[in-house]
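First comes the structure, then the notes that go with it.
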Amino acid sequence: MTSVQMLVAVSALGPVDERRRMQMAQARKGLDMLGQLHREMLSGVAGRVTLEALAQWVAERPESDDPKLAAFIADNDLRAQVELAKFDIER
């Protein structure tokens, strides 16, 4: 697929598809931050930047109308809150 075809395909997404894509990206961001935090903890030092970014993700947690995506986000939110509680960081 050429760049032009890709741009046309992306612009053809409706508002619902675009909103879902953004929600998925935000959910993936939370999961990625949890992974980063776990890697840092395994190395012995949890970075303050990672913890602050994770706290911000929890505070701005995305919502979704899709039940599966909403459950995925809720699971990641709970995991993030547990990790933040270990470091006494409030959201």
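The values are calculated or read from the model by the stated rules, or taken from the named source; none is laboratory data. All values derive from a computational prediction rather than experimental measurement. As a convention, Cβ positions derive from the backbone with ideal geometry for all residues, glycine included, and neighbour counts pool all protein chains shown.
Numbers at a glance
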| item | result |
| --- | --- |
| Matching option when the condition is modelled with pLDDT of 95 or more and not charged (D, E, K, R), among 7, 34 | 34 |
| Scan of the stretch 30-68 for residues that are under 26 Å from residue 17 (Cα atoms), assigned to a helix (DSSP H, G or I) and over 11 Å from the mean Cα position of the chain (by Cα), ordered by number | 59, 67, 68 |
| Residues satisfying the stated conditions in the stretch 28-43, i.e. over 17 Å from residue 75 (Cβ atoms) and among the small types (Gly, Ala, Ser) | 43 |
